[in-house]
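S.K.: Dumping the structure here so I can ask a few things about it.
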Amino acid sequence: MKKSGTMELIYIKRLKLEKRMNLAIQLLIIFVIWFCGNFMISKVFRFVTKKNDKIHISFIGSIVKAVWLVLAVITVTGMFETTKNLSTTLLTSSSLLVAVAGFAAQEVLADIISGLTLSWTKPFDVGEKINIADLNISGIVENMTLRHTVIRTYHNSRLLVPNSIINKAVVENQNYSHNFVGNYLEIPVDYSCDLERAIQIMEEAVEENPLVIRLPESEKKTSVLIKDFSENGIILKCTIRTETLDDNFIACTQLRREIKKRYDAEGIKIFYQRIRIIEEPS
């Protein structure tokens with residue numbers, strides 16, 4: 001009788017051990033599936049953003065990752081008796097779930113809803129230069145997550161602005177409804193130069209630069225105008241339009257070098273101030 005009880009106890013312990021091992025294997029399988037799924041989601045959205053780097057795609061990627069994580073958590077909690085009833089109650093009682101989630105994470109929900117609004121209305125997009133005067137923030141939009149928008153400043157630091165705050169602020173976007181960045185290029189030339197030829201050379205250099213884009217309604221990429229007759233010479237000015245802010249900086253640098261080279265070849269002088277010292281006779 002005593003031996004039978006011992007055997008029964010050993011059998012119960014073995015069943016508990018097998019149950020724990022099965023549970024551990026199931027948890028490991030769930031973790032591997034979640035990890036592989038999360039890796040694939042990241043790879044897919046990274047590939048998509050290379051082809052089409054838009055703000056709503058970044059936000060959708062964050063939502064998919066969050067939903068995938070929630071599904072994994074629900075699956076794991078459903079495997080334990082202590083948490084199974086709680087997760088079942090929360091899932092079946094949608095009003096209770098909304099009330100608890102809304103009370104516990106008001107700011108998080110506000111950021112998510114604001115992120116949905118921003119990604120849908122698109123007041124700005126990835127790679128665009130924006131200015132938020134209320135927050136004294138200027139920079140280039142890099143990404144949008146569920147909670148915040150990543151803005152790269154001109155000092156190459158990153159600002160993480162909550163979506164709910166940026167959704168309420170006044171945003172200045174130089175690229176809104178346009179697919180280009182515009183900047184002015186000014187060249188001072190000497191009063192004694194051939195003005196018409198100087199203008200022609202400048203327009204030709206802009207026309208030949210591959211980074212400068214042409215507006216659909218324009219016959220040429222830019223028109224060179226005379227800004228002023230000043231003490232710094234005749235100021236020639238034109239607008240340089242490129243697809244991105246970085247391209248604009250590079251294009252302006254290339255144009256200054258090319259225009260200087262062509263002016264030197266044709267004897268057109270770029271104006272610079274001179275000081276003439278006249279020595280009075282003693």
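The values are calculated or read from the model by the stated rules, or taken from the named source; none is laboratory data. As the structure is a prediction and not an experimental result, all values here were calculated from the model. Ideal geometry is used to build each Cβ from the backbone, glycine not excepted, and the neighbour counts take in all protein chains shown.
S.K.: Which one of these is among the β-branched types (Val, Ile, Thr) and in contact (Cβ under 8 Å) with a residue 60 or more places away in the chain: ILE250, ILE259, ILE278, ILE226?
M.R.: Details: ILE250 fails: in contact (Cβ under 8 Å) with a residue 60 or more places away in the chain; ILE278 fails: in contact (Cβ under 8 Å) with a residue 60 or more places away in the chain; ILE226 fails: in contact (Cβ under 8 Å) with a residue 60 or more places away in the chain.
Answer to the selection: ILE259.
S.K.: Kindly indicate whether VAL212 is in a loop (DSSP other than H, G, I, E, B), touching a strand residue (DSSP E or B) at 6+ places or on another chain (Cβ under 7 Å) and surrounded by 15 or more Cβ atoms within 10 Å (Cβ to Cβ).
M.R.: On the way: in a loop (DSSP other than H, G, I, E, B): yes; touching a strand residue (DSSP E or B) at 6+ places or on another chain (Cβ under 7 Å): yes; surrounded by 15 or more Cβ atoms within 10 Å (Cβ to Cβ): yes.
Criteria met by VAL212.
S.K.: All but one of (1) within 25 Å of the chain's Cα centre (by Cα); (2) assigned to a helix (DSSP H, G or I); (3) in contact (Cβ under 8 Å) with a residue 40 or more places away in the chain hold for MET202; which doesn't?
M.R.: The one condition MET202 does not meet is (1).
S.K.: Residue under question is MET21, and the condition is that it be assigned to a loop (DSSP other than H, G, I, E, B), of a type outside the set (Phe, Trp, Tyr) and modelled with pLDDT of 65 or more; does it hold?
M.R.: Values: assigned to a loop (DSSP other than H, G, I, E, B): no; of a type outside the set (Phe, Trp, Tyr): yes; modelled with pLDDT of 65 or more: yes.
Taking the combined requirement at face value, the residue does not satisfy it.
S.K.: Residue by residue through the stretch 114-159, note down the ones that are part of a helix (DSSP H, G or I), more than 22 Å from GLY182 (Cα to Cα) and in contact (Cβ under 8 Å) with a residue 24 or more places away in the chain. Break it down into steps so the answer makes sense when it comes.
M.R.: Let us first name the residues in the stretch 114-159 that are part of a helix (DSSP H, G or I), namely 114-121, 133-135.
In the following step, the residues that additionally are more than 22 Å from GLY182 (Cα to Cα) were identified as 114-121, 134-135.
Matches in the stretch 114-159: SER114, GLY115, LEU116, THR117, LEU118, SER119, TRP120, ASP134, LEU135.
S.K.: Just one of ASN179, ASN173 is under 30 Å from HIS148 (Cβ atoms), polar (S, T, N, Q), surrounded by 14 or more Cβ atoms within 10 Å (Cβ to Cβ) and at pLDDT below 90; which is it?
M.R.: Exactly one of ASN179, ASN173 is under 30 Å from HIS148 (Cβ atoms), polar (S, T, N, Q), surrounded by 14 or more Cβ atoms within 10 Å (Cβ to Cβ) and at pLDDT below 90, namely ASN173.
S.K.: Then there is this: Just give me the residues in the stretch 221-276 being at pLDDT below 85 and among the basic types (Lys, Arg), in sequence order.
M.R.: Once the filter is applied, which keeps residues that are at pLDDT below 85 and among the basic types (Lys, Arg), the stretch 221-276 yields ARG274, ARG276.
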